[in-house]
Amino acid sequence: MTTAFATADLYDERGDELDSLSLQLQDIGGQRAFHGPIRTIRCHRDNALVKQTLATPGDGAVLVIDGGGALESALVGDLIAAAAVRNGWAGIIVHGAIRDRDAIGGLPLGVKALGSNPRKSAKDGAGQRDIPVTIAGVVFTPGRHVWADADGVLVERPAQT
């Protein structure tokens, strides 16, 4: 989804309901502000699940990839990002590296990541999909909502039990 919003205003309105990611991610995609329901993948230097997931209908969701902060190889490249656009994903948040930075910057897709590395990742399919992942102390729960813009990332807190 790309409706107009500002994370600063959203936090002012709903702060008690939201977590703010303190991790400083780089804006890489051509869409700087994006939001949607969370989908997740946890993987380490292996992007087979990422490619497989972004090749399916996104329905305006944001894929949060917990790569453990590894920068040794890229989890998303231009072809995978282009598939995300074709399949209706709103954005991708990568706790790790991407590659093809210039090409991804030209796509109408929100992409935030720690950085970039031209090295490809493994393609073994190791990892987990649609599980809660914690990045810098913030829990990303599948189905909850995430908002991202130039100021940062806000995440809807999980329900208290």
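Read the figures in this text as sums done on the coordinates, not as results from a lab. Because the structure is a prediction, the values reported are computed rather than measured. Cβ placement follows ideal geometry from the backbone for every residue including glycine, while neighbour counts extend to all protein chains displayed.
Taking Lys and Arg as +1 and Asp and Glu as -1, the other residues whose beta-carbon sits under 13 Å from that of Asp9 total -3.
Within region 1-127, DSSP assigns beta bridges of which about 10% are antiparallel (rounded to the nearest 5). With Cα atoms defining each centre, region 51-103 and region 107-161 are spaced 10 Å apart in the structure.
Only one item in [x] 1.03; [y] 0.94; [z] 1.17 matches Cα Rg over 2.2 N^0.38 Å derived from the coordinates shown, and that item is [y].
The relative contact order of the chain comes to 34 percent, based on Cα pairs under 8 Å that sit 6 or more residues apart. If you run the Gaussian network model on the chain, springs between alpha carbon atoms under 10 Å, then out of Thr141, Thr56, Thr40 the most flexible one is Thr56.
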